[in-house]
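All remarks here apply to the structure that follows.
The values are calculated or read from the model by the stated rules, or taken from the named source; none is laboratory data. What you see is a predicted model; the values in this text were computed from it and never measured. Note that we place each Cβ from the backbone using ideal geometry, even for glycine, and neighbour counts take in every protein chain shown.
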Amino acid sequence: MHGTPASPETATDDRLVLRRDVFDRLTAKAEAVTVAQQAALTGVPERTLYRIRRGDAPGLTSAMRISDALGVPLNVLFKRIPADGRTQ
């Protein structure tokens, strides 16, 4: 999607949320169905995965590790929630 870039103030207020259905489908395909198996697959600690699955925003490093491990772009695994609360 192309459009006007977010201003630095707006961009820092946005957050990423895991698309759990996509994550679960991709990890199941890799035979990683438990959080422990998903942590081993992605290189992200179990505790961090629990928080991300619960809806906490991931850190950039964790988001990139998950994306890289599953071989998909960030925007496939995560949706951006703007500061105003509208989903995209």
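Here are the numbers for this structure:
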quantity	calculated
Failed condition for G43, given (1) among the small types (G, A, S); (2) over 9 Å from the mean Cα position of the chain (by Cα); (3) crowded, with 18+ Cβ neighbours inside 10 Å	(3)
Filtered residue count, segment 56-71, keeping only those that are part of a loop (DSSP other than H, G, I, E, B), under 16 Å from V22 (Cβ atoms) and either among the acidic types (D, E) or over 11 Å from the mean Cα position of the chain (by Cα) (or both)	1
Conditions (1) modelled with pLDDT under 95; (2) surrounded by 15 or more Cβ atoms within 10 Å (Cβ to Cβ); (3) part of a loop (DSSP other than H, G, I, E, B): number failed by P5	(2)
Among the residues listed as L16, L60, L26, the single one being at pLDDT below 95, surrounded by 14 or more Cβ atoms within 10 Å (Cβ to Cβ), on the phi < 0 side of the Ramachandran plot and not acidic (D, E)	L16
Selection from segment 14-30 of residues that are in contact with a Lys or Arg (Cβ under 7 Å, 6 or more places away or on another chain) and either in contact (Cβ under 8 Å) with a residue 60 or more places away in the chain or outside any helix (DSSP H, G or I) (or both)	D14, L16, V17, L18, R19
Residues within segment 34-55 that are modelled with pLDDT of 95 or more and outside any helix (DSSP H, G or I), tallied	4
